[in-house]
Amino acid sequence: MVVTGEDYRFISQEQITATGVEDSTLVVEPHARNTAPAVLTAALSMQDTPDVVMVITPSDHLIADHAAFASALYNARVEAEKGAIVVFGVTPDHPATGFGYLKTSNVPVHQGSALTVTEFVEKPHENKAMKMIESGNFFWNSGIFVARVSTILNAFTTHSPHLLNPCKAALALGREDLNFLRLHGDAFSQCENVSFDCAVMERIGKCTAIHLDCGWSDLGSWKAVKELGETDISGNTLAGNATAIECSNSFLKSDNPDTALVGLGLKDIIAVATDDGVLVTDMAHSDQIGRTVEVLKAQKAKQAEEFRRCHRPWGYYETLSLGHRFQVKRIMVKPGGQLSLQSHVHRAEHWVVVAGSAKVTVKDQVKMMTENESTYIPLGAVHRLENPGKLPLHLIEVQSGSYLGEDDITRYEDVYNRGEEVA
């Protein structure tokens, strides 16, 4: 089961399919409400199997040693079947201020040892983190938990009962859409925005930890990403079209092959260039990227809310250029995929096939198109794009008109049964 947000539902589905997992549930949250409502919703959806052991894990962690992780999971399951909520604790190797910490009453005898957690400590300042590490009985809180469904539900009933009714209503009033289970928006919006740690773990008193030694990283900062890459003799890590000149211990990354990112005389600096933004920070602030997002949101910057590449059930599109009365998009349609039969009130479109084959419907005309062929869709014309081939279809779309928003769409037929959802 994956619980995710609206913007990530299609890419999540693609990744699930790529893993070969056939039996899966993808729950879509209409609003971000932190991890407690997500965990509770997942547990409620499995309440008919109360003895099933859940592994609750974020989606963006790195596990380098899979065998060690599997061994830790086995040990955690043993404790979970006794009725415990088990959290994995990682031995800290530096005074990280971006992680929460666990205080234990004992130290691990061996890998996989069960420990008693006596305190959860939220992200500390550096001096406090250093003192905790020196004490020897503090561990990083990995954010990975193992427990029976019934144990999770009982914990919420005891420690955060106010979350139960809105989560139950969000499930009961939710609807199935394609392969997704969409939670009811109004009901879910009544949930408190609170983490699982704050809602449950910090309130239950003693709990169990399993020592985890598997090359774990939560990839929570660009510094953590840097440490995964290869470094040059000066300690620099480069990715993409990036060059370092007289730099040391820096991370330079450019996502766009056409954008050369050059660092000159830098020390302990992170610079990341994407298609629509550039971040420059020192190492000490690399775990505070969330602050920049909040500032951009306050400025109503589109980079804080929108993605250059938007995934859809038929593929994806990305904006290449946007100006007064025109927009250029790159569109990819998966084999067998098709856009809805649709029309637009305010814009006309030109399509040029770059690779693959396309079946194009414009009004009552249907034609096949291949590489380097193009067509025109007049304003208001009913049209559809399909990929009947075995390879991905790539095309360039040029829009022109007085309004180019994604909500300028009227659907007549849609194999994915979408209603008012755009694109």
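Values quoted throughout were computed directly from the atomic coordinates according to the rules given, and no laboratory measurement underlies them. If you're wondering where the values come from, they're calculated on a predicted model, not measured in any experiment. No Cβ is skipped: glycine too gets one built from the backbone with ideal geometry, and neighbour counts run over all protein chains shown.
Listed values, structure above:
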quantity	calculated
In degrees, nearest ten, helix 126-135 long axis to first principal axis of the chain (Cα)	50 degrees
Sorted peptide list for 284-292, 138-146, 199-207, criterion being average Cβ within 10 angstrom, highest first	138-146, 199-207, 284-292
By average C-beta atoms within 10 angstrom, highest first, the peptides 315-325, 246-256	246-256, 315-325
Per-residue HN-Hα couplings for region 349-364 [Karplus 6.51, -1.76, 1.60; θ = phi - 60°; Hz; x = Gly/Pro]	9, 10, 10, 10, 6, 9, 7, x, 10, 10, 9, 10, 10, 10, 6, 9
All aspartates and glutamates inside 18 Å of residue 206 as judged from Cα atoms, apart from same-chain residues fewer than 8 positions distant	79, 81, 119, 122, 197
16 Å Cα-Cα reach of residue 367 towards aspartates and glutamates, excluding residues that sit fewer than 8 places from it in its own chain	386
Highest to lowest packing among 220-231, 357-368, scored as the average C-beta count within 10 Å	220-231, 357-368
Likely footprinting exposure, 233, 63, 152, fewest C-beta neighbours within 10 Å first	233, 63, 152
Under the Karplus curve 6.51 cos²θ - 1.76 cosθ + 1.60, θ = phi - 60°, whole-Hz ³J(HN,Hα) for region 20-32, x wherever Gly or Pro sits	x, 6, 9, 9, 9, 10, 10, 9, 10, 7, x, 9, 6
Under Karplus coefficients 6.51, -1.76 and 1.60, residue-wise ³J(HN,Hα) of region 257-271 in Hz, glycine/proline x	x, 8, 10, 7, 9, 10, x, 10, x, 8, 9, 6, 10, 10, 9
Charge sum, other residues only, whose C-beta stays under 14 Å from residue 378's C-beta, Lys/Arg counted +1 and Asp/Glu -1	0
Hydrodynamic radius by Kirkwood, which averages 1/r over all alpha carbon pairs of the chain, in angstrom	24.7 Å
Helix 35-45 vs. the chain, principal-axis angle (Cα, 0 to 90°, nearest 10)	80 degrees
Unsatisfied cross-links (Cα-Cα over 30 Å) in the set 302/390; 253/300; 329/390; 103/300; 253/359; 103/168	302/390; 103/300; 253/359; 103/168
Residue 315 long-range amide H proximity, modeled H, under 5 Å	334
